[in-house]
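Chemist: Pasting in a structure now, in structure tokens, and then I'll have a few things to ask.
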């Protein structure tokens, strides 16, 4: 029999270097994480430390070398916190983020609800619907400029549809400028909410819905009692991520308005940018950044708590009936 | 050579103790089967031997050397997984070759040995196929070949057959047996299928809730189960188990239950009176038509299997009381007929209410 | 007459198509507009009433912007200082390199998380902070730091920042693919003698290669269109395409919509192609474990 040809049994010759398994695993884990640690230490940490330095030292580009800057304690923070422009920037950012988040959610959800059951042509609609998200934000801004001038195509179409002269000054009226960016944000990112919620809706198992249908529940009741509760984590995710991204929105606002007209679109990112790069008040910018960063960290931590709780309850729901580990 | 010792081995997952204080020695060249219902610690034990799980406490020794802190690849073992775990992006030949490449065997020799092993498990014609093109049985043979080619001292097999259908299972069972005989290596086989255990093992280790319940040859386990659990787990059809009580009286020791009132053999003379369970395998129940039996029960179902006929009786218990008779002679029996039955006194087991077998001291 | 089921279904269907089609128009019209503007001659860029179709269509905007062909004699349109092809090269190098790094290291970290839990659940979410805190708050000190170490206005500098800011998405997305690789396959490799690194590179990563491609393209979308960091970290030597496009705004007085449009279309088309290719995976990039299949 062929088997007999196999060499004699026995442990293989003792390995040249027997590594302790425990140590090898520890080493392996560290090396898996090392790129993150290295990047953190080399790129992020120095910047964070510098920022901390600047927010306590008065320095602008024409005040000599930055490492000789004067220590001013909490003066900069006081300056920022008593600056009414900063307060308005916070208000505008919150308004902008809230409004556009709600807009994206409403439209995204409506579309997702109409799309989650397969029908003829849904692939085509899907592709068209995701295109705005795939448009570079700066391009969105310039496209808006090309369409929104007062006698431009948008006003032309709106006038024709309504039958009356409808010519808002989208780009120069301080009262609507922020809303204009908001609408652009909604146009740009509704696909994002749409994609997430479509995935969420499609992932809901069909059986409970069919069971509810057979029991005589109306579409409306099924929606409220079966689909919506199962969709909650996804909805939360869509809202949270969208809100955070909207808080950071910069390219469209900057490319279209640079904070104007007046200061109508001066949101937090814009105001920080102007302070730092147009007024060259590096230190004030740093203090402002620090405050905004702390504020955002609080918001993000709250968001993370929310998301984690949802994910854990999901994990529990989908847990494999404890593995058949003997 | 590989002699594997497990010493006070324990494994907990959080608060759950999967394996409890296990001490056991596997001799070189033995075919050991760990068996028990799914999730009773046998897979965890195997995975600790392989090195995929770290014991919470205790030692694993291979040839006297503690291997707890040794990488799986340095333990000289081979493993076949339930899901066969082939590399889906490599073809069959590359799958088999993998272990040799890791050991830096030269290319020419690799080709030769892959060929050799593939022929050994009869998959020579599959070498260029991808795993997705192989059937379940073929995949498991490839997995076997992949392990064989590295020539391990011990084969660990984790429920390798349970994803296959009955016919393939029998076929591959024979294959395992043949390989064990030919290679004379240690085989450690984990299963929840008592039939697999019975047919393959030199020694069976019965596990339950992370503990060893009984160790012995298939014959020992079958005919001398240490407790109710083992008695019930092995054998198909399974042992008849009737709950009742032992009574010590003027008529000697008797076992009483609804429909039952039988004299127990003298070896049970010292048994304590009280609740107990009587166990007897179906083949030890005799059908005594026209004679006087120990008990008399109404027939509920007759199942002619060809070689044997199974008779199911109503003993007022949850499970039917079963008797096996050879051939088809009993196939004509009518349902509801009351039939006298004899119980082979040498084959009667009694279990205490906590499940332990009542020892006769014999 | 009571509404029959089929009748009701037909009405639902009509409403559905109507709503979807309206939104499709809203979504598509701006894209149509910029494409059509890019083919318009200069008198039609900014006119009343607006020109809805380029008539006659012209390629001159593309020729002028991308290849510096001077068809218009008027100096108003001559923007020779801009170098879109160089920016295209910059964008390509920066986006592909940073994305490659993010996917490579992201998948390695994701493997560690999936198999060895090197990052806890909480840490995984905290990792997202790298992405969720607005980059504006860190960009000023970063640019000073970059000036000090000579990374300002270099491709390497931008690559490193992009790598860092897209890493969270890379980790989350590749992890969702790695979670689907059966552990037994890895253990089989391990017991056959493969080292841990070899298992990662020879077994795990090849097994999820389509997922890696999807992740790569997904992150490419993010890095390709990034604006703020590029605006500050790159100045004169290295400009990416979005920066190049924004230069048209400041440097000319008149409205050069046709040229901008030609450039914008060139920037956006690759993204749309990529996005459509990976459309099925987009949800995975965003869903952070909240959508189960």
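Chemist: Give the residues of region C:127-158 that are free of Cβ contacts under 8 Å to residues at least 60 places away in the same chain and farther than 29 Å from residue A:284 by Cβ, sorted by residue number.
Modeler: Result: C:127, C:156.
Chemist: Additional query: I'd like the full set of residues that are surrounded by fewer than 16 Cβ atoms within 10 Å (Cβ to Cβ), part of a strand (DSSP E or B) and over 29 Å from the mean Cα position of the chain (by Cα), limited to region B:321-342.
Modeler: Hit for region B:321-342 is B:338, nothing else.
Chemist: How many residues are touching a helix residue (DSSP H, G or I) at 6+ places or on another chain (Cβ under 8 Å) and either assigned to a strand (DSSP E or B) or more than 12 Å from chain A (Cβ to nearest Cβ) (or both) if we restrict to region B:56-90?
Modeler: 13
Chemist: Failed condition for residue A:259, given (1) closer than 26 Å to residue C:20 by Cα; (2) within 14 Å of chain C (Cβ to nearest Cβ); (3) surrounded by fewer than 23 Cβ atoms within 10 Å (Cβ to Cβ), with all others met?
Modeler: Here residue A:259 meets the rest and fails (1).
Chemist: From the set of residues in region A:137-147 that are more than 7 Å from chain C (Cβ to nearest Cβ) and crowded, with 21+ Cβ neighbours inside 10 Å, which is farthest from the chain's Cα centre (by Cα)?
Modeler: If we take residues in region A:137-147 being more than 7 Å from chain C (Cβ to nearest Cβ) and crowded, with 21+ Cβ neighbours inside 10 Å, then A:144 is farthest from the chain's Cα centre (by Cα).
Chemist: Among the strands (runs of 3 or more DSSP E) lying completely within region B:171-254, list those that include at least 1 residues that are outside the structural domain of residue B:78 (by TED's automatic domain parsing) and surrounded by fewer than 18 Cβ atoms within 10 Å (Cβ to Cβ).
Modeler: It comes to B:240-249.
Chemist: Of the conditions (1) under 27 Å from the mean Cα position of the chain (by Cα); (2) free of Cβ contacts under 8 Å to residues at least 12 places away in the same chain, residue A:213 clears all except one; give me its number.
Modeler: (1)
Chemist: Scan region C:77-94 and give yes if some residue there is within 14 Å of residue C:222 (Cβ to Cβ) and touching a helix residue (DSSP H, G or I) at 6+ places or on another chain (Cβ under 7 Å), otherwise no.
Modeler: Yes; the residues of region C:77-94 include at least one that is within 14 Å of residue C:222 (Cβ to Cβ) and touching a helix residue (DSSP H, G or I) at 6+ places or on another chain (Cβ under 7 Å).
Chemist: Could you pull out the residue among B:283, B:318 that is under 19 Å from residue B:233 (Cα atoms), assigned to a helix (DSSP H, G or I) and under 27 Å from the mean Cα position of the chain (by Cα)?
Modeler: B:283
Chemist: Find the residue count for region B:25-55, including only residues that are out of contact with any helix residue (DSSP H, G or I) (no Cβ under 8 Å at 6 or more places or on another chain) and at positive phi.
Modeler: So the answer is 3.
Chemist: Name the one entry in A:128, A:222, A:154 that is free of Cβ contacts under 8 Å to residues at least 24 places away in the same chain, buried (at least 16 other Cβ atoms within 10 Å of the Cβ) and away from chain C (no Cβ under 14 Å).
Modeler: Being free of Cβ contacts under 8 Å to residues at least 24 places away in the same chain, buried (at least 16 other Cβ atoms within 10 Å of the Cβ) and away from chain C (no Cβ under 14 Å) holds for just one of A:128, A:222, A:154, which is A:222.
Chemist: Using the structure shown, decide if residue A:190 is more than 9 Å from chain C (Cβ to nearest Cβ), at pLDDT 85 or above and either within 26 Å of residue C:26 (Cβ to Cβ) or crowded, with 16+ Cβ neighbours inside 10 Å (or both).
Modeler: Spelling it out, it is not the case that residue A:190 is more than 9 Å from chain C (Cβ to nearest Cβ), at pLDDT 85 or above and either within 26 Å of residue C:26 (Cβ to Cβ) or crowded, with 16+ Cβ neighbours inside 10 Å (or both).
Chemist: Out of all the residues in region B:2-16, which are within 14 Å of chain A (Cβ to nearest Cβ), modelled with pLDDT of 90 or more and either part of a strand (DSSP E or B) or touching a helix residue (DSSP H, G or I) at 6+ places or on another chain (Cβ under 7 Å) (or both)?
Modeler: B:4, B:9, B:11, B:12 - these are the residues of region B:2-16 that are within 14 Å of chain A (Cβ to nearest Cβ), modelled with pLDDT of 90 or more and either part of a strand (DSSP E or B) or touching a helix residue (DSSP H, G or I) at 6+ places or on another chain (Cβ under 7 Å) (or both).
The values are calculated or read from the model by the stated rules, or taken from the named source; none is laboratory data. None of these values were measured; they are calculated from a predicted model. Glycine also receives a Cβ, built like all others from the backbone with ideal geometry; neighbour counts cover every protein chain displayed.
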